[in-house]
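Structure first, then comments.
The values are calculated or read from the model by the stated rules, or taken from the named source; none is laboratory data. Every value quoted in this text rests on a predicted model; they were computed, and no experiment measured them. Positions of Cβ are generated from backbone atoms using ideal geometry, with glycine treated the same way; all protein chains shown enter the neighbour counts. Please note that ligands, DNA and RNA were not included when accessible areas were found on the heavy atoms of the full protein model with its side chains. Shrake-Rupley method; radii C 1.70, N 1.55, O 1.52, S 1.80 Å.
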Amino acid sequence: MTANKPGDPTTLNRLYGRAKGKALRTGQQALVEELLPRIAVPTEGPVTAERLFGRPCSLHFEIGFGGGEHMAGRADMLPDHGFIGCEPFVNGVAQALVHVSGDNGAGAPLGNVRIHHGDALEVLARIPDGALSFLYLLHPDPWPKARHAKRRMMNDGPVRMFAAKLKPGGELRFGTDHPIYLRHALMVMQRHRAQFDWLGEKPADFLQRPGGWPETRYEAKARKQGHEVWYFRYRRR
Ligand SMILES: C[S@@+](CC[C@H](N)C(=O)[O-])C[C@H]1O[C@@H](n2cnc3c(N)ncnc32)[C@H](O)[C@@H]1O
């Protein structure tokens, strides 16, 4: 991996103000060295279910999985589906590998997860159009200052790519507890209403975590701090 290329984990971590993070524990270091190469998304070429899982299957894609709780929870719920998660922060990748390996004491290893240690948009660009069944953007970095708004993942460029990669009927799930991000995201999604329908049945549905949506670490942290958390499901038209 070449440092300082846009999109590589070193550059992303520096950009996001995360220096090196905490040193990895021995077990985590071993997982990064041994398990990650076996389940890493190929760094070049198309990213398809057949190439990653050896068979056609429903594909899920998670942007910035943090510690991987949601990704592992969903993969455990849907063992026949394939999960791709991307995260530039190595401590997060290491925590996710603990879940994937089954070393968290919760059960057997998950064979249906592939991980990219780096930029999600780089991998997303290599997924064929219309190939994704689900795309998750959960508690993205808020970039609350107006001058940093362009760095937010919820922006016209990425959302156009989300629309292209999701199949008709596929689902975009977005969660945040950040009021500035919420306002920004709703305005962006409003501009893309020709591609997405909000799946809320009642006006207040965005206040409750829908079923089949495991809690993420940031969500738990937000609730502990007394924040409201908002949940959105959008169906690709
Ligand atoms: C606020 S944390 C939320 C983590 C997790 N989704 C959760 O809810 O606990 C945002 C995460 O997005 C990751 N991230 C930021 N930019 C990214 C990118 N371009 N591709 C993939 N992940 C990214 C960060 O490293 C960070 O772990």
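Per-structure values
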{"quantity": "Of all residues in the stretch 75-99 being surrounded by fewer than 24 Cβ atoms within 10 Å (Cβ to Cβ) and charged (D, E, K, R), the one that is farthest from LEU31 (Cα to Cα)", "calculated": "ASP80"}
{"quantity": "Sole residue being within 23 Å of LEU132 (Cβ to Cβ), open to solvent by 20 Å² or more (accessible area, probe 1.4 Å) and not hydroxyl-bearing (Ser, Thr, Tyr), chosen from LEU186, LEU172, LEU182, LEU207", "calculated": "LEU186"}
{"quantity": "Test: ARG223 is surrounded by 15 or more Cβ atoms within 10 Å (Cβ to Cβ), modelled with pLDDT of 95 or more and not in a loop (DSSP other than H, G, I, E, B)", "calculated": "no"}
{"quantity": "Among (1) surrounded by fewer than 19 Cβ atoms within 10 Å (Cβ to Cβ); (2) among the hydroxyl-bearing types (Ser, Thr, Tyr); (3) in a helix (DSSP H, G or I) - the single one TYR231 does not satisfy", "calculated": "(3)"}
{"quantity": "Failed condition for ASP129, given (1) within 16 Å of the ligand (Cβ to nearest atom); (2) closer than 23 Å to THR43 by Cα", "calculated": "(1)"}
{"quantity": "Candidates LEU166, LEU137, filtered to the one that is touching a strand residue (DSSP E or B) at 6+ places or on another chain (Cβ under 8 Å) and more than 14 Å from the ligand (Cβ to nearest atom)", "calculated": "LEU166"}
